[in-house]
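Notes for the one structure printed next.
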Amino acid sequence: MSQRPRYRSVVADSARWDGFRFRPGDIVISTPPKCGTTWMQRLVALLLFDGEPPGPISSISPWLDMQLATTDDVFALLETQQHRRFIKSHTPFDGIPYDERVTYVCVGRDPRDVAVSSLHHMDNMDVERFIEKRAAAVGLDDLAELGVDQPGPPPPQSEADRMRAWMDGDSEVTVMTLASVLRHLESFWTRRHLPNVALFHYDDLLVDLPGQMRRLADVLDVTISDERLAQLAAAATFDAMRQRADDVVPNADIQLWHSTTAFFHRGTSGQWREAFTDDDLRHYDARVQELVPPDLAAWVHNGWLRTAAAAD
């Protein structure tokens, strides 16, 4: 039996990793939701295939612990893949099996932008479609255990109430809260010294996409010329991904979103300034201080590039 912590929600269950067999060279992309998971999958795909992958991202890089397919189906898909596998997860590092032959990649983002993006993300999701697919894959008998009274869309709340719930929530079965974002990033931050663990930051990708893609190529031991890398980076901008939304957006194949192009909402940093009041920011700062140490908080809000520039 697994000794790893179990992370469960209506969406995912880290116990689904039990029994999965890694191959040398596998890649696990594990980020908190709305921190750049799909963007990192796109970058990895472009590097590994030296261009467009031969299919939609959900079939090329499945989300292993998402409960919209049986583990038998997901394991079978991964077992038949002949390319270097890269697997999506929203499970913190300590909930995923560790293998020295595997590269673990995480992406951080300013949690305030995560909050804004999360609200838009939930509004864009077809919740009834999600419940339908989940029922077919794993059933709904566990919903009450997970704190969900009945399947279907949650009761409406004001945006202010949703924002405060995001800041204050700390349930073990809720993955879209400030606490869950920071808990996930801390699980990687404390292990960043490991040679097969790589931490990227959303702001760094925005500021210098080719440079960060070069860094990713080095992490994955992919040899690529500067000229070719610049071409691939151009295919990974938000505008470029939006143009190929049906292939790039996860779960587009099962019509999970009201709009696949709206999945790429803004792709910017600082949008939180329009959503957080002064009182919100004071409350937010206090919560961050409660949850994580100062060095992690500084990186989460600034990334590697701005942190290095400030040190200079």
Between rounded, prolate and oblate, where does the stretch 49-194 land on the alpha carbon gyration tensor, with a ≥ b ≥ c its root eigenvalues, rounded for a/c under 1.5, else prolate if a/b exceeds b/c? oblate
Per residue of the stretch 12-26, what does 6.51 cos²θ - 1.76 cosθ + 1.60 with θ = phi - 60° give for ³J(HN,Hα)? Whole Hz please, x for Gly and Pro, Karplus curve as stated. 9, 8, 5, 5, 5, 6, 4, x, 6, 9, 6, 10, x, x, 4
Gaussian network model of the chain, springs between alpha carbon atoms under 10 Å - residue of L77, L68, L209 with greatest fluctuation: L77
DSSP bridge orientation in the chain - percent antiparallel, rounded to nearest 5: 20
Rounded to the nearest 0.05, what FRET efficiency do A286 and Q82 give with R0 = 51 Å and r taken as the Cβ-Cβ distance? Could you check? 0.50
Just from its helices, what would the mean residue ellipticity at 222 nm be for the chain, if runs of 4 or more DSSP H residues each count -39500 (n - 2.57) and the sum is divided by every residue, rounded to the nearest 500 deg cm²/dmol? -13500 deg cm²/dmol
In order through the stretch 280-286: 3J(HN,Hα) via Karplus (6.51 cos²θ - 1.76 cosθ + 1.60), integer Hz, x for Gly, Pro: 4, 5, 5, 5, 4, 4, 5
Please state the shape class of the chain: rounded when a/c is under 1.5, otherwise prolate if a/b exceeds b/c and oblate if not, all from the C-alpha gyration tensor. rounded
As an exercise, use a Förster radius of 22 Å and the Cβ-Cβ distance of D246 and D226 to find the FRET efficiency, rounded to the nearest 0.05. 0.10
Given points 7 Å out from each Cα along the Cα-Cβ axis, report the L140 to F49 separation in nanometres with one decimal. 3.5
Just to check I understand the Karplus step: with θ = phi - 60° and J = 6.51 cos²θ - 1.76 cosθ + 1.60, what whole-Hz values come out for the stretch 68-82, glycine and proline as x? 10, 8, 6, 4, 4, 5, 5, 4, 5, 4, 5, 5, 7, 5, 9
How far apart, in nm, are two points set 7 Å out from the Cα along the Cα-to-Cβ line at D208 and at D123? 3.5
Starting from the Cα of A308, step 7 Å along the direction of its Cβ; do the same at R23; then give the gap between the two resulting points in nm. 3.3
Amide hydrogen neighbours beyond the local backbone of D126, cut-off 5 Å, H modeled: W257, H258
Only Cα pairs within less than 10 Å get springs; with that Gaussian network setup on the chain, which residue of D65, D247, D126 has the largest fluctuation? D126
Test of understanding: what is the full-extension gain from T277 to S59, defined as 0.36 nm times their sequence separation minus their Cα-Cα distance? 74.4 nm
Is the stretch 171-312 best put as rounded, prolate or oblate by its Cα gyration tensor, with a ≥ b ≥ c the root eigenvalues, rounded for a/c under 1.5, and otherwise prolate when a/b is larger than b/c, oblate when not? oblate
So who's got an amide H within less than 5 Å of the one on F200, skipping anything under 5 residues away but keeping other chains? H placed 1.01 Å off N, in plane. C106, V107, G108
Amide H neighbours of F86 at under 5 Å, excluding residues fewer than 5 places away on the same chain, with H built from the backbone geometry, are I27
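Every number here is computed from the coordinates shown, using simple stated rules; none is lab data. Since the model is a prediction, treat every value here as computed from it, not as a measurement. All Cβ positions, glycine included, derive from the backbone under ideal geometry; neighbour counts span all protein chains shown.
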